[in-house]
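The values are calculated or read from the model by the stated rules, or taken from the named source; none is laboratory data. Just so it is clear, the model here is predicted, and its values are computed rather than measured. Don't worry about glycine lacking a Cβ; one is built from the backbone with ideal geometry, like all the others, and counts go over all protein chains shown.
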Amino acid sequence: MFKVVFLGNSGVGKSSLIQHYCTGHFCSSKKATTGVDFQMKTIYMGSTSITLQLWDTAGQERFRCIAEQYYRKANAILVVYDITCLSSFSTVREWVNSVEEKMRDGVMLMLLGNKLDLADTHCREVSRKDGQSLAEHHKASFYECSAKTGENIEQLMTQMAEKLIDQLDRKCDNTLSLTTNAAKKSSCCL
Ligand code: GTP
Ligand code: MG
């Protein structure tokens, strides 16, 4: 089970992304999230099945302290902005800074530019290049996506899940080699 937390300004499409990923549907009249919501999704990666706990936080200023309590124990944090809203991109830095202060080591960070379906309608305010360089700066993975059309959602969630599994495998290998070394040491002391 992995805990995945979505953060970002109000209206960028966090709830819509989670809804599309879990149900395949998009609703154009979504109400703003108040507090925190969550959904579970089980996915199969080869012979491994994993459950993602998807935490949907509220972007409105007055709920931010609630959101903070949720990303403390996260395995992955997905910071979302709206490619048609420059201010939502400018705030990403604030979100990432507050996350970096409080998150555990080894947490996976992803930056998502949502509403890609509006990119060709002259509404784009954030270029892909700017999104990419901000992600590189924070050592985060980067995707542009659309909760409306579903573009890239499956891909980005699969990439996230693969990385989480990979991280867990490496942790298990390290623990195993530490245990083996400790066992060797204790047997030579006998
Ligand atoms: P808070 O709950 O207030 O933090 O907002 P949120 O980030 O959860 O945004 P929400 O999913 O409620 O979406 C806000 C509005 O943007 C809604 O009217 C959605 O229908 C719309 N929206 C979300 N994603 C997309 C998208 O990919 N494309 C388009 N065109 N509209 C979107
Ligand atoms: Mg919401």
**Prompt:** If a residue has to be more than 16 Å from ligand 1 (Cβ to nearest atom), part of a loop (DSSP other than H, G, I, E, B) and surrounded by fewer than 15 Cβ atoms within 10 Å (Cβ to Cβ) to count, how many in the stretch 96-143 make the cut?
**Reply:** 5
**Fill in**
Exactly one of D173, D120, D82 is over 17 Å from L54 (Cβ atoms) and under 16 Å from the mean Cα position of the chain (by Cα), and that residue is D82
**Asked** Does V12 satisfy being surrounded by 13 or more Cβ atoms within 10 Å (Cβ to Cβ), within 16 Å of ligand 2 (Cβ to nearest atom), under 13 Å from V99 (Cα atoms) and touching a residue at least 24 places away in the same chain (Cβ under 8 Å)?
**Response** no
**Request:** State which residue pairs qualify: first residue closer than 27 Å to T23 by Cβ and inside the stretch 127-148, second residue in a loop (DSSP other than H, G, I, E, B) and among the basic types (K, R) in any location, beta carbons under 8 Å apart, and separation of 6 or more residues or different chains.
**Result:** S146/K115; A147/K115; K148/K115
**Message:** Out of A161, A182, I need the residue that is part of a helix (DSSP H, G or I) and either modelled with pLDDT under 90 or aromatic (F, W, Y) (or both). Which one?
**Reply:** A182
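Taking the stretch 24-45, which residues are touching a strand residue (DSSP E or B) at 6+ places or on another chain (Cβ under 9 Å) and more than 8 Å from ligand 1 (Cβ to nearest atom)?
The initial filter retains those residues of the stretch 24-45 that are touching a strand residue (DSSP E or B) at 6+ places or on another chain (Cβ under 9 Å), namely 33, 35-44.
Listed by number, the residues that qualify are G35, V36, D37, F38, Q39, M40, K41, T42, I43, Y44.
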**Request:** Within the stretch 64-82, track down each residue that is near ligand 1 (Cβ under 8 Å from one of its atoms) and of a type outside the set (D, E, K, R).
**Result:** V80
**Request:** Go through (1) within 16 Å of ligand 2 (Cβ to nearest atom); (2) over 15 Å from A140 (Cβ atoms) one by one and return the number of the condition L78 breaks.
**Result:** (2)
**Complete:** Of the listed residues (S90, S133), the one being of a type in the set (G, A, S) and within 23 Å of C65 (Cβ to Cβ) is S90
**Item:** From D82, D117, D56, residue being of a type in the set (D, E, K, R), under 23 Å from L134 (Cβ atoms) and touching a Phe, Trp or Tyr at 6+ places or on another chain (Cβ under 6 Å)
**Value:** D56
**Message:** Suppose the filter is away from ligand 2 (no atom under 13 Å from the Cβ), among the basic types (K, R), touching a Leu at 6+ places or on another chain (Cβ under 8 Å) and outside any loop (DSSP other than H, G, I, E, B); does R93 pass it?
**Reply:** yes
**Prompt:** Scanning the stretch 142-169 for residues that are within 16 Å of ligand 2 (Cβ to nearest atom) and among the hydrophobic types (A, V, I, L, M, F, W, C), which turns out farthest from the chain's Cα centre (by Cα)?
**Reply:** A147
**Message:** Any residue in the stretch 19-35 that is within 9 Å of A147 (Cβ to Cβ) and touching a residue at least 60 places away in the same chain (Cβ under 8 Å) sitting within a Cβ distance under 7 Å of a residue that is charged (D, E, K, R) and within 8 Å of ligand 1 (Cβ to nearest atom)? List the pairs, counting only those 6 or more apart or interchain.
**Reply:** F26/K148
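I'd like to verify a number: residues in the stretch 15-38 that are more than 12 Å from ligand 2 (Cβ to nearest atom) and on the phi < 0 side of the Ramachandran plot, how many?
First, pick out the residues of the stretch 15-38 that are more than 12 Å from ligand 2 (Cβ to nearest atom): 20-26, 28-29.
Next, from what is left, pick out any that are on the phi < 0 side of the Ramachandran plot: 20-23, 25-26, 28-29.
Qualifying residue count for the region: 8.
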